[in-house]
Amino acid sequence: MFDFSITNGIDMTIKRFFLFFVFMLKVQLFSFFLIAITLAQPASEQAVLSNQVQQLSKVNDEGIDFDTVHSLSEKIINDHQYYSNDILAKVYLLSARVASNQGNINEVFDFAKKGLAANSLDKKIKLALLFKLADVYVAKKEYKKLLEVTQEAVRNSEYSRSIKYRILSLSYRSVAFSMLGKHQQALVDLQQVELSISKSDLTEHIELLTILALAYHHLGDYQTSLTMQLKILKLRFEMGQKKNIAQTYLYLGYAYFYLQRFDDAYNVFWESKKSALHNGATINAAHADRWLGIVLIAQGQFSAAFEPLQQAIDIFNQHNMLAERIEASVALVSAKLSDNQISEGYGLLVEVVKLLNGKDIALEYTGFYRMVAEMYFSQGNYQLAYRWRDKYSQILLFKLNNKKKSFSIVQGLSHLAVGKVARVEPVEESKRLAVKLAESSELSSSFTGKYQKQRAVIITLSAVTSILLLIIIALFWKLRVKKVNLAYEEVEKPSYAMPTPMQTKFNYQLVFKKARKFQYPLNVGYLVVENWQEIIFHFNKKSIDEVTKDLASVINEYIKDFDYVGMLNEGEYLLLFEHQSNQEANDKLDKLVQAINTRSFANLGDFTVAMKYSVNMADFKDIDPYLFLARIAESVNISQVNSSKVP
């Protein structure tokens, strides 16, 4: 007994130890499971967001949604440690593209810089970021930095297999060369662009032509810029790329304004504002408002310029766009001073001086220095007035020299008297190539648009034809199946089957009208069981049903294939004989009645069935089929003719 107790205690200890081990194992597994779930959730979200970035990167600028990109970039940038450099670079590129669509070059610059700092291994992403940076330098007229960026873009494009990025790289560099007066190098790049386009399948050159058109605008060749911008506008309409059309209208307005076509400039700036507001691009709308105000000032409508200029200032201030805010403020000062609102104008002018903080303003707004000098002069501060006036004179001289240089660059046709052969300068050849590219792009896109429309029409017609063909085949097959089923039903139909009274009346009307229309003989027979009421009175429903089936079997047996028989009521039958004489119909009915009257029905016992009939041929006087049928039935009841001839 003692041994048993010891053994039992040892077993209990082992059992408890085993249960404790199992419990600890379960706890450990549960912990691992929780950790796995915790790690899987960020990984799953990371995969989803990365996939969204990849999908958006394939969408063109027209299809990118601002809210989607903004939400996506916030989530990824806040947890940037979980994402690869390529994904981060693509997010910054998407943000730069959205900012460019909005017209916010400051944000474009920031996002492009951050994207390049991400060091993506994807050459196309790096090139796209460099192009965005180049756009900023073009807008800010920082041409040396533009050349540096475009040189790097050209070097990177040599390792890229994309012909599109190669063409854009050369185009941007040709712009940089042109702005710095290196026109021979610009011509070489443009010739390479033309050669590359001729060898490629590219048909969309809106981005390329926009860059070249802006270059000629900054060079002062506004007519060439106008020509190219009009072709770009036409391209946008033909290709359906209207989401960013506000920028094209804006650039077109620049050209009209500097060509002093103020009415045209006002109209396209208004279209730019309307399109920008429609697409939610408030910054582009502010740019349009600024230039609407400037056009109104040029037309002498100073008070009308206040509202659009103030709206532009508010938007620029809201987005921390200092340079644009200053330029719009200077235009508003000019309008107020011209409208004799001196105190308000000078107050705003002082604010602009503080915002500049010693920096120079753009050359287009050099009148600012004159207005400041006049303000200080009117206030009696002649020393400051002299300094600002001197500054104004220096800026005017620089502007004059710069304009002469631009004029010589753009308009300079140098005819060297060497053998009296004129030589065209590279700048003229560059201009010719740029316009040629615009024209070829217009023709190419027009052809592509027509081809796509024709292709869409052909595909639509083919689809409709295929659907109709399938419908016809389906209907044919359904009809065939129906015929087969009808034939099968005819074969399998019992001998006592007979049309219902409704079917009989319908077929009778149809045959009657057909006989009258085509004028062929139609004999109508009326067959009735004379003692039907007695049969109903003496026998039950089951027996009557059996008698009805037997009668139908006998009638069907004596009716030919081209004759018709149907039930009118219980004990009454209608027979139709087409293309037969009255004698033939009478003979058939006489044989039928004899067969029924001599037949014994088991369900009736010794009781017999007595039948009689009447037959008549319809003629031209018989218009109503039912009146004719009533006359036949009445002749049976009155004359009691054609009853059984069995002795």
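Please go through region 340-385 and pick out each residue that is at positive phi and either aromatic (Phe, Trp, Tyr) or under 50 Å from the mean Cα position of the chain (by Cα) (or both).
Asn357
Of the residues making up region 146-156, none is closer than 23 Å to Asn284 by Cβ and either touching a His at 6+ places or on another chain (Cβ under 9 Å) or not aliphatic (A, V, I, L, M) (or both). The residues of region 559-591 that are of a type in the set (Phe, Trp, Tyr) and open to solvent by 30 Å² or more (accessible area, probe 1.4 Å), listed by number, are Phe562, Tyr564.
Being of a type in the set (A, V, I, L, M, F, W, C) and not in a loop (DSSP other than H, G, I, E, B) is the filter here; which residues of region 590-607 pass it? If you could, list the steps in order and put the result at the bottom.
Of region 590-607, the ones of a type in the set (A, V, I, L, M, F, W, C) are 592-593, 595-596, 601-602, 604, 607.
Listed by number, the residues that qualify are Leu592, Val593, Ala595, Ile596, Ala602, Leu604.
Could you list, in sequence order, the residues of region 126-185 that are among the hydroxyl-bearing types (Ser, Thr, Tyr) and crowded, with 18+ Cβ neighbours inside 10 Å? Within region 126-185, Tyr137, Tyr143, Thr150, Ser157, Tyr165, Ser169, Ser171, Tyr172, Ser174, Ser178 qualify.
Could you go through region 346-364 and let me know if any residue there is farther than 19 Å from Tyr392 by Cα, charged (D, E, K, R) and assigned to a helix (DSSP H, G or I). No, region 346-364 has no match at all.
For region 104-124, give me each residue that is open to solvent by less than 20 Å² (accessible area, probe 1.4 Å) and under 26 Å from Asn284 (Cα atoms). Within region 104-124, Asn104, Val108, Ala112, Gly115 meet the criteria. Please go through region 299-322 and give me each residue that is in contact (Cβ under 8 Å) with a residue 40 or more places away in the chain and open to solvent by 50 Å² or more (accessible area, probe 1.4 Å), ordered by number. Correct list: His319, Asn320. Listed conditions (1) open to solvent by less than 10 Å² (accessible area, probe 1.4 Å); (2) out of contact with any Asp or Glu (no Cβ under 6 Å at 6 or more places or on another chain) are all met by Gln191, apart from (1). Of all residue pairs spaced 6 or more apart or on separate chains, those with beta-carbon atoms under 9 Å, a first member in region 119-140 that is closer than 19 Å to Glu158 by Cβ and a second member that is in a loop (DSSP other than H, G, I, E, B) and of a type in the set (Phe, Trp, Tyr) are Lys123/Tyr159.
Taking region 550-571 as the region of interest, how many residues are among the β-branched types (Val, Ile, Thr), assigned to a helix (DSSP H, G or I) and either in contact with a strand residue (DSSP E or B) (Cβ under 8 Å, 6 or more places away or on another chain) or within 18 Å of Tyr508 (Cβ to Cβ) (or both)?
The initial filter retains those residues of region 550-571 that are among the β-branched types (Val, Ile, Thr), namely 554-555, 559, 565.
After this cut, where a residue has to be assigned to a helix (DSSP H, G or I) as well, the list is 554-555.
Those still in the list that are either in contact with a strand residue (DSSP E or B) (Cβ under 8 Å, 6 or more places away or on another chain) or within 18 Å of Tyr508 (Cβ to Cβ) (or both) too: 555.
Summing the residues that are among the β-branched types (Val, Ile, Thr), assigned to a helix (DSSP H, G or I) and either in contact with a strand residue (DSSP E or B) (Cβ under 8 Å, 6 or more places away or on another chain) or within 18 Å of Tyr508 (Cβ to Cβ) (or both) in region 550-571 gives 1.
Under 7 Å between Cβ atoms, at least 6 apart or on separate chains: pull out the pairs that start in region 494-509 with a residue that is open to solvent by 60 Å² or more (accessible area, probe 1.4 Å) and end on any residue that is outside any helix (DSSP H, G or I) and aliphatic (A, V, I, L, M). Pairs found: Thr500/Met567. For Gly181, the conditions (1) free of Cβ contacts under 8 Å to residues at least 60 places away in the same chain; (2) at positive phi all hold with the exception of (1).
Here are some residues: Gly367, Gly293. Which one is under 30 Å from Phe66 (Cα atoms), small (Gly, Ala, Ser) and either in contact (Cβ under 8 Å) with a residue 24 or more places away in the chain or crowded, with 18+ Cβ neighbours inside 10 Å (or both)? First the steps, then the outcome.
Values: Gly367 fails: under 30 Å from Phe66 (Cα atoms).
None of the other options fit; the residue is Gly293.
Restricting to region 225-279, what's the tally of residues that are on the phi > 0 side of the Ramachandran plot and within 26 Å of the chain's Cα centre (by Cα)? Quick ask: steps written out before the conclusion?
Quick first cut of region 225-279, residues on the phi > 0 side of the Ramachandran plot only: 240, 260.
Of the ones still in play, those that are also within 26 Å of the chain's Cα centre (by Cα) are 240.
Final tally of qualifying residues: 1.
Here Gly345 clears all of (1) at pLDDT 90 or above; (2) more than 21 Å from Ile105 (Cβ to Cβ); (3) open to solvent by less than 40 Å² (accessible area, probe 1.4 Å) except the condition numbered (1).
Quick check on Ala215: is it over 22 Å from Asn101 (Cβ atoms) and either free of Cβ contacts under 8 Å to residues at least 12 places away in the same chain or assigned to a helix (DSSP H, G or I) (or both)?
no
Taking each residue of region 572-589 that is part of a helix (DSSP H, G or I) and looking for partners that are of a type in the set (Lys, Arg) with beta-carbon atoms closer than 8 Å, six or more apart or interchain, yields Lys588/Lys560. When Asn106 is tested against (1) assigned to a helix (DSSP H, G or I); (2) farther than 24 Å from Ser275 by Cβ, just one condition goes unmet, and that condition is (2).
The values are calculated or read from the model by the stated rules, or taken from the named source; none is laboratory data. Note that the structure is a prediction, hence the values are computed from the model and not measured. All Cβ positions, even for glycine, are placed from backbone atoms using ideal geometry, and neighbour counts span all protein chains on display. The area values use the complete protein model at the heavy-atom level, side chains included, leaving out ligands, DNA and RNA. Shrake-Rupley method; radii C 1.70, N 1.55, O 1.52, S 1.80 Å.
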